[in-house]
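Where a number appears in this text, it was derived from the coordinates with a stated rule and is not lab data. Because the structure is predicted, anything quoted here is derived from the model rather than measured. For neighbour counting, all protein chains shown are included, and Cβ atoms are generated from backbone atoms with ideal geometry for every residue, glycine included.
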Amino acid sequence: MQFLLDAEQREFARTLDRLLAAGDTPAVVRAWSTGDHGPGRLLWGRLAEAGVFALAVPEKYEGLGLLPVELAAAFVELGRHAVPGPLVETVAAAALLDRLGVAAAAEEWLPHIAAGEARLSLCLPAAGPYALDADAADAVFVVDSEGEGDRLLLTRESGPVQPSVDPARRLSRPVGGSVVARGPEVTEAAAHAAGLAAFATAAQALGVGQALVERTTAYVKQRAQFGVPIGSFQTVKHQLADALLRLEFARPLLFGAALTLEPADVAAAKVACGEAVYAVARTALQLHGAIGYTAEYDLSLWLTKARALRSAWGTPSACRARVLADLG
């Protein structure tokens, strides 16, 4: 079985690539890391105009319907360009609201998500107590336990930003909130949203890995030792080939999961993409040498993101356990 994008999907990905390349995303990332969300909000608007967020919103709420393959292609490009913000959380919140079936909440938020007018964060039991970029979000949806069931809360308040391995991923604890829904349907909707978040994170990680290979390949053609580019050394070629192979072996799992969105398929894609990008990051750092450690060098924006995405919305051990449970 082949998992290849069709011509229209490839053109969509190229369009996003051109849009993001013109947006100077390294500058956007650095601004976001300091709490300056202005450049990131402008970029968010351009992504919405391209239809990125509408891919997760049903047509009856002014979206394009849930289109997982196109969503994966979009998030690969978002990862390639290290775009900051609660991107994954916003599309996962859209999935949660749609699956929950509370018409008032869906009608209030989903059209605004599709139009890029709402940036949402999400805090689910499966992902720990912190919400990503709650300080930049218009609202945070929180699922917690109450007695014998779960409840969904909506809050616009959060605690102080906590240190993160990726400075552009600003984590904080949501505070308070009003009850939107409660009961077993919240539990089911939260599980569905967590699955979509893991899927989008896997795609983002794959894009980060691609960027690391591309940037490292360009670098080894310029860096010289013994009077020749280090890219001419056989061992360097092998390291880059191994890095690329890891990504190419993970890609079919990602797009295979896009066809089913089954929890085990998503978990397999998440662990494959997360482990691939982590290994690629190690290779990129090694081949860049000491310069790769410096925060001022743009490579660091992808290196730190690779480490964070490996564990976000499903650690490798949790994803492996999910796959094994399905096989058993």
For the Cα atoms of the chain, what angle does the longest principal axis make with the long axis of helix 184-220, in degrees from 0 to 90, nearest 10?
20 degrees
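Suppose R0 equals 22 Å. What FRET efficiency, 1/(1 + (r/R0)^6) with r the Cβ-Cβ distance, do residue 214 and residue 261 give to the nearest 0.05?
Efficiency, from the Cβ-Cβ distance: 0.15.
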Run the numbers on the range 75-125 and let me know its relative contact order in percent, using alpha-carbon pairs under 8 Å that are six or more apart.
44 percent
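Quote the relative contact order of the chain in percent (integer), defining contacts as alpha-carbon pairs under 8 Å separated by 6+ residues.
17 percent
Expected output is a single nm value to one decimal: the length gained when fully extending between residue 248 and residue 8, i.e. 0.36 nm times separation in residues minus the C-alpha distance. What is it? Before the final figure, lay out each step's value.
Numbers: separation 240, 0.36 × 240 = 86.40 nm, distance 2.11 nm.
Full-extension gain reported as 84.3 nm.
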Based on the inverse mean of 1/r over its pairs of different Cα atoms, what is the Kirkwood hydrodynamic radius of the range 27-122, in Å?
13.4 Å
Equivalent-ellipsoid semi-axes (√(5λ), Cα gyration tensor) for the range 205-263, whole Å, largest first?
32, 10, 5
Highest mean first, how do 312-318, 167-173 rank when packing is the count of other Cβ atoms within 10 Å averaged over residues?
167-173, 312-318
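About the Cα centre of the chain, what is the dipole size in debye to 20, counting +1 per Lys and Arg Cβ and -1 per Asp and Glu Cβ, all else neutral?
For this selection, approximately 1340 debye.
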Quarter of the surface of the C-alpha convex hull for the range 47-97, i.e. direction-averaged projected area in nm², equals 3.3 nm²
Quickly estimate the mean residue ellipticity at 222 nm for the chain, helices only: each DSSP H run with n ≥ 4 gives -39500 (n - 2.57), and the total goes over all residues, rounded to 500.
-19500 deg cm²/dmol
Could you work out the per residue convex hull volume over the alpha carbons of the range 1-65, in cubic angstrom?
124 Å³
Bounding extents of the range 154-237 in its principal axis frame from Cα atoms, largest first in Å, are 67, 29, 15
Going by Cα centres, the range 35-83 and the range 112-190 are how many Å apart?
19 Å
Segment residue 223-residue 161, length gained on full extension (0.36 nm per residue, minus Cα span):
18.5 nm
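Taking the Cβ of each residue in 238, 192 as the centre, tally the other Cβ atoms inside 10 Å and list the residues starting with the fewest.
Fewest-to-most ranking of 238, 192: 238, 192.
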Starting with the fewest neighbours, write out 60, 270, 305 ranked by other beta-carbon atoms found within 10 Å of each beta-carbon.
60, 305, 270
For residue 21, placing the label point 7 angstrom along Cα-to-beta-carbon and taking the range 206-238, residues whose amide nitrogen sits under 14 Å are 211, 214-215
For the chain, the Debye formula with one identical point scatterer on each Cα and no solvent gives log10 I(q)/I(0) at q = 0.13, 0.15 Å⁻¹ as -0.93, -1.24
Given 4 °C and 1.567 mPa s, compute D for the range 190-327 with the Stokes-Einstein relation, Rh being the Kirkwood radius over Cα pairs; round to the nearest whole µm²/s.
84 µm²/s
Using just the alpha carbons, could you tell me how many Å³ per residue the convex hull of the range 76-191 encloses?
106 Å³
Angle in degrees between helix 299-311 and the longest Cα principal axis of the chain, rounded to the nearest 10:
50 degrees
Once phi for every residue in the range 40-54 is put through the Karplus expression 6.51 cos²θ - 1.76 cosθ + 1.60 (θ = phi - 60°), the whole-Hz ³J(HN,Hα) values, with Gly and Pro written as x, are x, 5, 5, 5, 4, x, 5, 5, 5, 4, 7, x, 4, 6, 5
Under the Karplus relation 6.51 cos²θ - 1.76 cosθ + 1.60, θ = phi - 60°, what is the ordered set of whole-Hz ³J(HN,Hα) values for the range 29-38, x standing for Gly and Pro?
5, 5, 5, 4, 5, 8, x, 8, 8, x
Residue-span extension gain [residue 295 to residue 282] - 0.36 nm each, minus C-alpha spacing:
3.1 nm
What is the range 190-327's relative contact order, in percent, from Cα pairs under 8 angstrom and six or more apart in sequence?
35 percent
Which one of 316, 278, 217 is farthest out on the positive end of the charge dipole of the range 190-327, using unit charges on Cβ (Lys, Arg +1; Asp, Glu -1) and the Cα centre as origin?
217
